[in-house]
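Structure, as structure tokens:
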Amino acid sequence: MQKKYRTKFPVARIKKIMQLDEDVGKVAQATPVLISKALELFMQALIDESVAQTRAAGGKRVHAGHMKQAILHHRPV
């Protein structure tokens, strides 16, 4: 029985994008699911840091400048 994973990003689209690269051959079924989860975690970290930058600046809405500051001040884990 195959387990169905719920992802926030479309797995089929991720697979299509991966296969646009000529160097990428066949893609295992789990690979786009893992890429989707990694993208989800990346986006969550970016949003969390952007919100922190917005609050530090005394703002109520996240703007592109806050996201830019989040990226520039990011320290790799």
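The values are calculated or read from the model by the stated rules, or taken from the named source; none is laboratory data. Everything numeric here is computed off the predicted structure, so don't read it as measured data. Positions of Cβ are backbone-derived with ideal geometry, glycine not excepted, and every protein chain shown enters the neighbour counts.
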_Of all residues making up region 36-77, the number that are in contact with a Phe, Trp or Tyr (Cβ under 8 Å, 6 or more places away or on another chain) and hydrophobic (A, V, I, L, M, F, W, C)_ = 1
_For a quick check of your reading of the model, give me the residue pairs whose first member lies in region 29-46 and is within 16 Å of Q19 (Cβ to Cβ), whose second is assigned to a helix (DSSP H, G or I), with beta-carbon atoms closer than 6 Å and at least 6 apart or on different chains._
P32/V11; P32/I14; P32/K15; V33/V11; I35/I14; S36/V11; S36/I14
_Test: K68 is modelled with pLDDT of 90 or more, among the basic types (K, R), more than 20 Å from P10 (Cα to Cα) and exposed (fewer than 12 other Cβ atoms within 10 Å of the Cβ)_ = no
*asked:* Out of the residues in region 1-56 meeting the condition of being part of a loop (DSSP other than H, G, I, E, B), of a type outside the set (S, T, Y) and touching a helix residue (DSSP H, G or I) at 6+ places or on another chain (Cβ under 7 Å), tell me which one is surrounded by the fewest Cβ atoms within 10 Å (Cβ to Cβ).
replied: K8
